1. Looking at segment 57-179, what % of the alpha carbon pairs are farther apart than 25 Å?
2. Quick one: which residues, 5 or more positions from residue 9 or on another chain, have an amide H under 5 Å from its amide H? H modelled 1.01 Å from N in the peptide plane, none for Pro or chain starts.
3. Projecting each Cα onto the charge dipole of the chain (Lys/Arg +1, Asp/Glu -1 at the beta carbon, about the Cα centre), which of 10, 239, 208 comes out farthest on the positive side?
4. With each pseudo-label sitting 7 Å past Cα toward Cβ, what's the residue 226-residue 33 distance in nm, one decimal?
5. Kindly provide the Kirkwood hydrodynamic radius of segment 9-54 in Å, to one decimal, from all pairs of distinct alpha carbon atoms.
6. What is the dipole size for the chain, taken about its Cα centre, with +1 at each Lys and Arg Cβ and -1 at each Asp and Glu Cβ, in debye to the nearest 20?
7. For every helix of n ≥ 4 consecutive DSSP H residues, a contribution of -39,500 (n - 2.57) applies; sum these over the chain, divide by its total residues, and give [θ] at 222 nm rounded to the nearest 500 deg cm²/dmol.
8. Amide H of residue 180 versus every other amide H placed in the peptide plane: which residues, excluding those fewer than 5 positions away on the same chain, fall under 5 Å?
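What follows draws every value from the coordinates through simple rules; no lab data is involved. The structure presented is a predicted model; accordingly, all values stated were derived computationally and were not measured. Positions of Cβ are backbone-derived with ideal geometry, glycine not excepted, and every protein chain shown enters the neighbour counts.
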Amino acid sequence: MRRVLVFGASSAIAAEVIGLWAARGDLLHLVARDPLKLAAVAARCHGAVGVSTAVADLCDLGRAADLVADGVAALGGGVDLVLVAHGELGDQQRSEHDFAEADRILRTNLTSVIALLVPVANQLESQRSGALAVMTSVAGERGRPRNYTYGAAKGALNLYLQGLRSRLYPAGVQVTTLKLGPVDTPMTATHAKNALFASPTRVARDIARAIDRGAGEVFVPWYWALVMAVVRGTPEPLFQRLRALSGR
């Protein structure tokens, strides 16, 4: 049995991952903003040793340390695995003209995550054990006109997690960066779908396997490692001419 703390537990992907962990008999503490969605996820946790929940706006930065402390207490005073899964695409074109929207995207996808990671890292370091996994995005691999504000947040988060992984290594703490490609969820409901979109069920299995094997950085699904190698390696003058890469 593992003691598992999940932030952003009501997202479609997190809900699928939680279901897998519940079936393994883990003890779960789930945190999310929407009480109805959170209750629905908790109700699906068949097989879990126990499930507790907390409703919170994770963008309320002043509550982050208390949410972590309360989660650890609900799990009996320690934690074996933390998953941070919240995020939002936001409105890219609005963010280009309205700083409030840019700030909201950065707060949701970067600042609010770091607000949780500071107390989580301190807890795991003091235990000298445990694992931390954070969902980021392939959007953080290169700035593209269609989502560069969101991508900037995810790219900065990837860099933060690199440093955190090396900091916590001597304490025996695992840090996994989950670089997700597009997934067919409510967050992408208005997006035209193509063959590269994955299902939440497939992505959840990949996430669970990556954490189990102690991966540092992993693309989910795996084929995004190949796609993003091409995207990153394309010289900028050519990149700007290829509408498939630089278009809206």
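1. So the portion of pairs separated by more than 25 Å is 26 percent.
2. 31, 32
3. Of the options given, the answer is 239.
4. The answer from the label model is 3.6 nm.
5. On the way: mean 1/r = 0.0999 Å⁻¹.
That comes to 10.0 Å for segment 9-54.
6. 700 debye
7. The helix-only estimate for the chain comes to -13500 deg cm²/dmol at 222 nm.
8. 136, 137, 138, 220
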